[in-house]
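Worksheet: the structure to be examined is printed underneath.
The numbers here are math on the coordinates, done by the rules we state, and not lab data. Remember, predicted model here, so these are calculated numbers, not experimental data. Cβ: placed from backbone, ideal geometry, glycine included. Neighbour counts: every protein chain shown.
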Amino acid sequence: MSFKTTDLCDEFSAELQILAPVFRRYGGRTAFAGPVSTVKCFEDNSRVKEAVGEAGHGRVLVVDAGGSLRCAVLGDLLAKAATDNGWAGVVVHGCIRDSADIAGFDLGVIALGTFPLKSERKNEGQRDIPVQLPGARIRPGDWLYADEDGVIVASRKLT
């Protein structure tokens, strides 16, 4: 799939939500797109592990980790699982760790930042519910497009 978020904004701006420019890129895939699956969690990556352990079918996992900067909800092992299971990317409203390793994976990874401490696993969190990230309310099944210029969300496939 070939796209530029700038071109999509020019053509479909009335239909789009645009994430605030507070995220950084970490994965080896700089541009990625796909239908969204969501996880809502706070300092517990149990649902993230569950999701990336399943077949991704080119989807993008959007993780609303509450913007926590106190631990990472995605590291090299879960990013590798996402890559191996066919996820296109992971967007984390929170932190990741093992960023040098994640940079080598064919996976788009966007997060607020890095933090070396892993999250706890308390088997909490929710999957496939609407989540709010800076600039967008994202629902399961929405389409997310990310490249070097930004991250946009549409209610349908645009390309």
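Tabulated results
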item: Matching residues, region 114-139, being out of contact with any helix residue (DSSP H, G or I) (no Cβ under 8 Å at 6 or more places or on another chain), among the basic types (Lys, Arg) and surrounded by 12 or more Cβ atoms within 10 Å (Cβ to Cβ); result: Lys118, Arg139
item: Checklist (1) out of contact with any strand residue (DSSP E or B) (no Cβ under 6 Å at 6 or more places or on another chain); (2) of a type in the set (Gly, Ala, Ser); (3) exposed (fewer than 15 other Cβ atoms within 10 Å of the Cβ) applied to Gly75, failing item; result: (3)
item: Filter result for Ala82 (closer than 16 Å to Pro140 by Cα and crowded, with 18+ Cβ neighbours inside 10 Å); result: no
item: Selection from region 1-54 of residues that are polar (S, T, N, Q) and in contact with a Cys (Cβ under 6 Å, 6 or more places away or on another chain); result: none
item: Complete set of residues in region 112-154 that are farther than 21 Å from Phe3 by Cα and in a strand (DSSP E or B); result: Leu112, Gly113, Thr114, Lys118, Glu120, Gln126, Arg127, Val131, Gln132, Leu133, Arg137
item: Index of the failed condition, Ala20 passing every other in (1) closer than 22 Å to Ile129 by Cβ; (2) surrounded by 13 or more Cβ atoms within 10 Å (Cβ to Cβ); result: (2)
item: Lone unmet requirement of (1) crowded, with 24+ Cβ neighbours inside 10 Å; (2) farther than 26 Å from Arg156 by Cα for Ala65; result: (2)
item: Asn45, sole failed condition from (1) in contact with a strand residue (DSSP E or B) (Cβ under 9 Å, 6 or more places away or on another chain); (2) surrounded by fewer than 16 Cβ atoms within 10 Å (Cβ to Cβ); result: (2)
